[in-house]
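The structure appears below as structure tokens.
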Amino acid sequence: MSERIDVSIEHKHAPREDGARPHPNTCPRCGSHYRDDELDANLRVCPQCGHHFPVHARERIRQLADGDSFSEEAGELRSDDPLGFFDLRPYTERLAEAELSTGLGEAMVIGRAEIEEQPCQLALMEFGFMGGSMGRVVGEKFTRACESAAERRVPLVSVTTTGGARMQEGILSLMQLPKTVCAVEDLHDAGGTLISVMAHPTTAGVLASFASLGDVIVAEPGALLSFTGPRVVQQTTREKLPDDFGLAESNFRHGHVDAIVPRPELRPTVGRLLRLFADGR
């Protein structure tokens, strides 16, 4: 009997029975605990069991891009509050809090870079910024990344980690799905390439739009890649789901992704793909 895999985003870092939350450097799979420098030296992958800890967007850039090669674009863009949205707190307050906690102006960072001396355009998402949700600015940034990649005739590398569309922007957020799909189509029409890297979690509106349109799609081990989380699906269908429902391994088995690439192998893998797709061919 195989051990059940907990793929519920909501319970990934749930409090222990004593009410305390586990330390962020404690592996949720095997319970091993690490210092920050130990995790960073291993690219935030548990040396004992291979669990992939979350990676902030800036750290992901340092892991992937050649030193000092990244040049950020559109970093000044900020979301406003087009609907005057208020749930338990004003949307503007949530945006300010997210910017303070992550040091980013939005849930996506884009810019020029080189990976193993191969020029490319990067578009990376930050889950810590409101769950990596896609609002108008994220859609605009990704569109600009596609346009820059097409203009420079270099591949676009996207790294997604997201809960989907941003509810505080309502239908304006959902409109980013066709907008980003059209941006990828324009990139392809210009002879460009999209390499899509899916990290945990990649779900909902982002999975249903640009993340699934890569010419090559790779995923990190154990990443949840599903339009809806397994807990919601199970409650809705009232059926028991496979233990690996929605995980990268299940998606690979069904042909939804091209490869599962552990984080230590991601940079050389992307570098090899960039060489294959050099000059937009």
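The values are calculated or read from the model by the stated rules, or taken from the named source; none is laboratory data. Keep in mind that what you see is a predicted model, and the values were worked out from it rather than measured. In this analysis, Cβ positions are derived from the backbone assuming ideal geometry, glycine residues included, and neighbour counts consider all displayed protein chains. Each accessible area value is taken on the protein alone, full model and side chains, heavy atoms only, with ligands, DNA and RNA left out. Shrake-Rupley method; radii C 1.70, N 1.55, O 1.52, S 1.80 Å.
Residues to consider are GLU126, GLU151; find the one that is under 25 Å from VAL181 (Cα atoms), open to solvent by less than 30 Å² (accessible area, probe 1.4 Å) and among the charged types (D, E, K, R).
Every option except GLU126 fails the conditions.
Out of ALA259, ALA190, ALA208, which single residue is touching a helix residue (DSSP H, G or I) at 6+ places or on another chain (Cβ under 8 Å) and over 22 Å from ILE110 (Cα atoms)?
After ruling out the rest, the residue left standing is ALA259.
Can you find a residue in region 175-188 that is touching a residue at least 60 places away in the same chain (Cβ under 8 Å), assigned to a loop (DSSP other than H, G, I, E, B) and not charged (D, E, K, R)?
Among the residues of region 175-188, not one is touching a residue at least 60 places away in the same chain (Cβ under 8 Å), assigned to a loop (DSSP other than H, G, I, E, B) and not charged (D, E, K, R), which makes the answer no.
Looking at region 27-58 only, could you name the residues that are open to solvent by 40 Å² or more (accessible area, probe 1.4 Å), under 26 Å from LEU104 (Cα atoms) and not basic (Lys, Arg)?
Hits for region 27-58 are ASP36, ASP37, GLU38, ASP40, ALA41, ASN42, LEU43, PRO54, HIS56.
Under the condition of being open to solvent by 60 Å² or more (accessible area, probe 1.4 Å) and part of a loop (DSSP other than H, G, I, E, B), which residue from region 59-84 is nearest to LEU100 (Cα to Cα)?
ARG78
State yes or no: is VAL261 in contact with a strand residue (DSSP E or B) (Cβ under 6 Å, 6 or more places away or on another chain) and surrounded by fewer than 24 Cβ atoms within 10 Å (Cβ to Cβ)?
In short, yes.
Report, ordered by the first and then the second residue, all pairs with beta carbons closer than 7 Å, sequence separation of six or more or different chains, a first member in region 41-64 that is at positive phi, and a second member that is open to solvent by less than 30 Å² (accessible area, probe 1.4 Å) and in a loop (DSSP other than H, G, I, E, B).
ARG44/PHE53; ARG44/VAL55
List pairs: first in region 69-84 and free of Cβ contacts under 8 Å to residues at least 60 places away in the same chain, second in a loop (DSSP other than H, G, I, E, B), Cβ under 6 Å, 6+ apart or cross-chain?
Pairs that qualify, where the first residue is free of Cβ contacts under 8 Å to residues at least 60 places away in the same chain and the partner is in a loop (DSSP other than H, G, I, E, B), are ARG78/GLY105.
How many residues does region 223-243 hold that are open to solvent by less than 30 Å² (accessible area, probe 1.4 Å), of a type outside the set (A, V, I, L, M, F, W, C) and part of a loop (DSSP other than H, G, I, E, B)?
Residues that pass the stated criteria total 1.
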